[in-house]
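Here is the structure we will look at, set down as structure tokens.
Every number in this text was worked out from the coordinates using simple rules, so none of it is lab data. Owing to the predicted nature of the structure, the values given are computational and were not obtained by experimental measurement. We place every Cβ from the backbone using ideal geometry, glycine too, and count neighbours over all the protein chains shown.
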Amino acid sequence: METGSVTNLDIISNLPTDVKDAILMRLSITDAVSTSVLSSKWRYSWASIPQLVFDKDCIQSYIEEEHIHNYRVKLVDRVLLLHNGAIHKFKLSKYVQSCSNIDQWILYLSRTGIKKLVLEFWPKNRYKVPTCLFSCQELSHLELRHCVLKPMTFKRLGSLRSLHLENVVCCEEIIQRLIASCPLLERLTLLELDGPTCLKIQAPNLRYLNLSGVLEDVCFENMPLLTILRVHMPRSNKDKKYLEQGRSCNLVKVLGCLESVERIDVAGYFQEFLAAGRVPERLPTTYHNLKNLHLDANFEDLNETLTVLCLLRSSSSLQTLKIQAYSTKEEATISVGNFWKEQKPSDCSLNQLQVVRMTGILGIKSELEFIRFVLANAPALVTMGVKIDPKMTSEEARTFRELMRFRRASAQAEIVCLD
């Protein structure tokens, strides 16, 4: 081979377009734009990437503080002006303060076939979402954080499958209208909404639901496909209006229609909300698919104890049970203390239960009797993990050690003390 015949090939400039796009989408938008100086073939390669993300990585270190906002706004204006392809994803993550330019950007994006839109602002500078955002007919994923939803009429969002609202100012009617306008909605996350205290959710195609915040009332209807439910009601919620429900049963109203659910996570005061009213022996729907159940429970409260039993009776395929025990420091009644001794094993099938995790245990009688009940009626149990509350006294700790001598239906069941 003659050494003089070696040709210098510009391999990077001859990469396929999809490979270039994959490289550019892994860079910050400022770095992607900077590739225009590499060669004439790279000059406008960035202008066709389908994902535009503007976040803290887009800020150059040499920009002075008082000029940052204008720099950021001009960067977005320039990128959108020069962009010549479809924009499938657009994200602003604590990038600019609320301003009129954002309305223009969203109006532009609504005409480009945008599919995923993420807008995140600061708590003290919430952005008022314009009506044009909800005219994006190809939008499939929408995330809004620290925004304001004004009263408006929503068009049918026939492509939206994922909706995430966090620290959004709105009202209950707006939330219901928005959900109703999304017939194909599969994932819904509502976190710390500012305004709504009562939520009625109807979504026939919903598969994932995550709620968190101070709520007085919750109702689920027509959610036959829901597989994962997570609800957290902060313990700081002192206004317990939901306890005045009379004979109505919150447990049935909220969980009675979830025939396909596979995982339920209940935290905070939501367990107390579910226990309000007359708790039935079983739910109207048997959970044949429920494998994982996570609860916060006060075993000193009879209604909460009845709620735990009702869920266990209604979950024929349960494999993992996690309970965070807590106490209101009220004296336990005799009926609660002996409750689990009086239960018949045939009324509560734990045949598939394999893992139990109990945390926050104080060693009170009602907690120990529940552990005894589970150990005696779970023939497939592999692990019973127990975490003692660090505030437990030495006397309670000695009582707690009794569980090591409890009878076990499973020969392989191991009791583990969790750190």
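Distances between placed amide hydrogens fall under 5 Å for Asp265 paired with Leu229, Arg230, Val231, His294, all partners being 5 or more residues away or on another chain. Here's how it looks for Val148: its modeled amide H is under 5 Å from those of Tyr127, Lys128, Val129, Val169, which are all 5 or more places away or on a different chain.
Derived scalar couplings between HN and Hα for the stretch 206-211 equal 5, 10, 9, 9, 10, 10 Hz in order, rounded to whole Hz, by the Karplus curve 6.51 cos²θ - 1.76 cosθ + 1.60 (θ = phi - 60°), x for Gly and Pro. For the pair the stretch 90-129 and the stretch 149-186, the centres of their Cα atoms are 16 angstrom apart. Estimated from the Cβ-Cβ distance and a Förster radius of 22 angstrom, the FRET efficiency linking Gln97 and Asp194 is about 0.70. Spin-label model, Ile228/Leu82: points 7 Å from Cα along the beta carbon direction are separated by 3.9 nm.
Taking 7 Å steps out from each Cα toward its Cβ at Ser135 and Gln176 produces label points 2.8 nm apart.
Counting 0.36 nm for each residue step from Thr286 to Asn125 and taking away their Cα separation leaves a gain of 53.3 nm.
Applying 0.36 nm per residue to the separation of His67 and Lys387 and subtracting their alpha-carbon distance, the gain on full extension is 109.9 nm. Around the amide H of Gly385, modelled in the peptide plane, lie the amide H atoms of Val356, Arg357, Met358, Val416, all under 5 Å away and 5 or more residues distant in sequence or on another chain.
Backbone geometry of the stretch 110-119 corresponds, through the Karplus equation with coefficients 6.51, -1.76 and 1.60 at θ = phi - 60°, to 3J(HN,Hα) couplings of 5, 9, 10, x, 4, 10, 10, 10, 10, 10 Hz, x marking Gly and Pro.
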